[in-house]
Structures are given as structure tokens and as C-alpha cells.
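Each remark here refers to the structure printed beneath this line.
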């Protein structure tokens, strides 16, 4: 039988993705399952002469789906030729439930007993040969982080055969698993390791809350330091000393005031290229995504990746549970908020971790209004930071207060109850450099692939709108709102239009307008609130449905008008 | 003595006797590994009716307060 598709399936948090990156080469694509926003990662594996696809399926506890991601996992089983069932060896009993369900499906299965290295210091002993005999399919011990056992796993793929097994009832299944576990597993008592003690301390409120504040502060410092260093020592020098002279030559080659140099290089400021203000495709169009935003994307995702792999995020969710309940959410809703700080798109995708429609709506609306993405943050830091750090702090304070206010209000006015948290807290693990770097690389790659073309398009669009005098026309219509309510000059309408496309470009457009500091603060806040960028909007519309998206958008626009007006009065 | 997880003391060990609630809750709780007959250890609880953390086999689970008050364990006191 030819093997075309191999599926990697298992419970959440069993090290599936680490194993996946060990199994596949460099060619990895992330795609959406048709008709959904559920992502899956696909790669290729070398199997003798053949090169079958291998797919990392979203983690699931059972084949009766309780969430959209699990639904997709179940549907994809039909497409697989071989299933590699990744089992957490330190948590055999629970993991075997899915294994038994898979065996009942009569598809070739191989069991990868992952996290094998952890069993030793956890005092768990498993008789692998015996387990293999009982299950009737190959069982290979692996360690995704070090790559141990991966080669053996690959060798077994072509040997996998289905086990002919009669479907069991729910209770029979647990009974069967209980018997297996009793026969193959022995637990020993052993002393707590340092990481386990740290794990205990960081989940208890008394010690956990100070630890979480410390981690937040530290993350912030590392992100800032790394981002600023990259900008100051790498990106800006490159654009200033290498790129600018090159562009000047191009400018003169095309002719000083020609249409082409206007679009590609933009306007000169005092006879020189100003990367923040020239607004040409090759100047501002490349400078914004690559020199202003990318450094912070790199530093943010580096820190986030380490925290994720360390296993900290579920603990943060538990600690935040109390506060999030005031907003009608449970602790896990903090994950979309944190991801949203990187980019609102993964933040919006992560709202599907939440069970109910109400929760999704609240979390998505809160995030879209009050969580600026890293691209926007970077631009605010770059632009408003020139007027003084306290104004940057002021913007974030306003947004933070708004986040809390929105949560309280939405929870009060939307009918329903907030569901409860139920989450496994994985043990702490020392992050592995290889997997952190691979994840960072994939995130940077997708930022460059998706953001750069949109930024270029945005800037081209700005130039066209100005050339055709459309912005002048629209700003005439909206001038009363902008000037009377928000105290912004009518030219700022351009930024609001482009904000639909890219928020970073939009903030950048406030730069050449010669705004007062107050106007700059109001403009930055409004750009964050009034509407999500097009990419986030598309995802949110899919996740929430048209009706809820419309409601959510209405809330955003109203909030922008009110908050902008208030700031104009107070500041 | 039969008490709910919420009433357990930190470090106390008990055997799950009963899980109240509909099919939805029971199967969610079961899927994550909490079933009648299992021995659990209370790890801690968060104030203001916050989540309860327990240890089952070799892993930790955080359970919302309401859900935890519907899971009863047999303890020796």
C-alpha cells in the first residue's frame, strides 16, 4: 500500500509539535482546514523513495469533539493512511483513551511514547514490550526535544498495520485502559525537582502573583532591549548608510520630480530621504515593516516562544482566572490577549480556545479594541516616543483602562453566564533552543510574507488617493467629526482610511502632519480602537459570524468616537 | 467522609466518589483524566472563589470553582 498522508495525533501538550519538527525537513506550510480557521501544519518526510506528507493535527482528548479544533481533528482521520499517535508517557492512562479510540477505527496506528526521558525522573516505569503486545501495534519510545527514537519511529511507518478491534462503549473503554495501565506501568515515589518546586510556587496565588509580575516585567525589558538594539545597531544603520544613498541615485535616475520617483522614492524632506515621511514604496514602504516593526516582532516572539515552551502560559491563565471572571471570561481568555499583542490575527484565531459564543464575542471585541499589535506598538514607540516616553506610557494606560472598562461593560450587558476553566497545567520544561528558533523563524517568515506586501499596497494606495485628490474630498466630509469631536486636523482622515489596511502604516501617516503631542496621543488611541485591520477583520468575521461581527464593529466605532471626544476634552 | 474538592485542604488526598452535573461536564472532566475511583491530591486554591488545582496521577489540573464544587471525593478525616 502506498503511503501518501501520515497524521500526527495526540492529546494537547504531549510534545506533538516538537516531534513534528524533528520528523519533517525545512519545507513546512501552515494552512487552514477548508471552510474553517482551524490551522494545521503540514510537512514532508523522507521514506525510502517516497516523500509522503505529514500533518500535525490539533490536539484532542477524544474522538467526540468538544471544540472546533477537535472537530477538524476527527474529520481529518478519514484522509490519513497511517496515524502516528503521540502519547505522553508520563500520563499514560489519559492518553490511552484516544489511542484505543483510534485502534477501533481500523486504521494503521503507531504509538510514539513521547517524553520518554521525563518518565525516569518522574519515577514512572513502563513495560514497552508488554504494552506493544496488548495494543497489537508498534510502540516506539521517543523524545521530541532531543530527537531520540525519531529514526526508529520512521522505520516503523511502512510496517504499520490496522488492528481489527471491535468498538467499545465509553465505560468499557476506561475499564480496558485501567487494565492495561495496571499491567504495564509502575509508579515509584521520588523527591521533587527544582522545576517542580518552582511550578508549585508559581501556581499558588501568594507566590504566583509576584512571580507573574516579575516575569511580565522581565519580558517587557527583554523585548524592549532586544528590539531597540536591533533597530539602533542593525536596521537603522543599514537604511541610513547603505539603502539611502542607493535610493538617492535611483531618485536622480528616474528624474527628480517624475511620477516614478514619486511613487518609488516619495517626497524628499529638505533634500534628503526621510524614511518615516517620504512615503515611497522603496523608502517608507520597506522601512516601516523591516526597520521599525520587524525588530519588535523578533524580540516579542522570541520571548513568547520561550514562555510557551517553558509551560508558563497555562499558569498565567489560572492566576488570571479571577480577574477574567469579572469580564465574563475565564482565565484562558488571557491567551488571545497576549497573542494579540504580537499580532491581532493569531489573537483572533486563539479565541476559539474559548467554548461559548458569548465568551468569544467578549474576548474578540476586547482584544480588537484595546490590544494594539506589535506593529502598531512599534510605530507608536517610534513616533510618539520622540515627544517623550511618558506619552507612550499614557497611550498604553488609556488602552489598558479601556480594556478593563470594556470587559466590565460587555459582561454586564450581554446575557449569559461565563463558563469555567478546566485546564491541564503542564510541568515546566527547559525550552529547547532548536524548537524555539524554528517557531520564531516560522512566525517571522509569515510576518514578512503577509505584512510586507500589505504595507507596500497600503503606501501605493495612499499615493494614489492623494494623486487623485480623493483624500481631500473625503476629508472635507469628515472634517467636522475629526476637528470638533477629536480635535484632529482633517488630513488625518488618510491615516484612518489606511488603518483598515495596516495599522503601522496608519500610525506612520500621522508623522508628517505636524500634530501637537495631544493630537498624536488621541490619533494613536483612536487608530487602535476604531476598527481592526483587514487581516484581523477577516478572521474575526469567520470566527464570530456576520451578525456578531457587525455588533462588534459597531461597538468599536462608538467607543472610538466617545473615547476620542473624552480625551479631547480632558487632555 | 464525602466532601467536594473545594472543601479539601491543601495536600489532602482523596478518592473521587461522585461527579455531579450533565453529560457535558462529566465527559469534559473525564477526558482530562478525572474519573470516579481516581485518587487525587489537592494542590491549592485561589481566593475569591478562584480555580482549584489538583494532582491526578502525575499531572496537575486547574478546575473552576463551580465545577470543583460538583466533584465529590471520599477522604479520611
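The values are calculated or read from the model by the stated rules, or taken from the named source; none is laboratory data. Keep in mind that what you see is a predicted model, and the values were worked out from it rather than measured. With ideal geometry, Cβ positions are generated from the backbone for all residues, glycine too; neighbour counts draw on all protein chains shown.
Is there a residue being more than 26 Å from residue A:332 (Cα to Cα), in contact with a strand residue (DSSP E or B) (Cβ under 9 Å, 6 or more places away or on another chain) and either at pLDDT 85 or above or in the same structural domain as residue A:59 (by TED's automatic domain parsing) (or both) anywhere in segment A:445-459? Yes, segment A:445-459 has at least one match.
Evaluating residue A:491 against the criteria (1) under 26 Å from the mean Cα position of the chain (by Cα); (2) over 29 Å from residue A:352 (Cβ atoms) leaves one unmet condition, (1). Of the strands (runs of 3 or more DSSP E) lying entirely inside chain B, the ones with 1 or more residues being touching a helix residue (DSSP H, G or I) at 6+ places or on another chain (Cβ under 9 Å), free of Cβ contacts under 8 Å to residues at least 60 places away in the same chain and within 8 Å of chain A (Cβ to nearest Cβ) are found at B:39-45, B:52-56, B:59-63. Restricted to helices (runs of 4 or more DSSP H) entirely inside segment A:100-196, those with at least 1 residues that are closer than 17 Å to residue A:90 by Cα are A:116-122, A:128-135, A:170-184.
Residues satisfying the criterion are absent from segment A:60-77 (criterion: modelled with pLDDT of 90 or more, away from every other protein chain (no Cβ under 14 Å) and in contact with a helix residue (DSSP H, G or I) (Cβ under 7 Å, 6 or more places away or on another chain)). Quick check on my filter: what residues within segment A:251-281 are farther than 19 Å from residue A:465 by Cβ and assigned to a helix (DSSP H, G or I)? Across segment A:251-281, the qualifying residues are A:251, A:252, A:253, A:254. For segment A:78-99, a residue qualifies if it is surrounded by fewer than 21 Cβ atoms within 10 Å (Cβ to Cβ), within 13 Å of another protein chain (Cβ to nearest Cβ) and not in a helix (DSSP H, G or I), but none of them does.
Determine whether segment A:170-192 contains at least one residue that is surrounded by 12 or more Cβ atoms within 10 Å (Cβ to Cβ), at pLDDT below 85 and away from chain B (no Cβ under 13 Å). No, every residue in segment A:170-192 fails to be surrounded by 12 or more Cβ atoms within 10 Å (Cβ to Cβ), at pLDDT below 85 and away from chain B (no Cβ under 13 Å). Among all positions in segment A:310-331, there is no residue which is within 15 Å of the chain's Cα centre (by Cα), assigned to a helix (DSSP H, G or I), within 14 Å of chain B (Cβ to nearest Cβ) and buried (at least 24 other Cβ atoms within 10 Å of the Cβ). Close contacts from segment A:409-435, counting a first residue that is more than 14 Å from every other protein chain (Cβ to nearest Cβ) and a second that is outside any helix (DSSP H, G or I), with Cβ to Cβ under 6 Å and a gap of 6+ residues or different chains, come to A:411/A:327; A:411/A:328; A:432/A:145.
Only one entry of A:234, A:206 meets the criterion of being surrounded by fewer than 20 Cβ atoms within 10 Å (Cβ to Cβ) and within 14 Å of another protein chain (Cβ to nearest Cβ), and that entry is A:206. The set of residues in segment A:354-395 that are closer than 20 Å to residue A:561 by Cα and without any contact (Cβ under 8 Å) to a residue 12 or more places away in the chain is empty.
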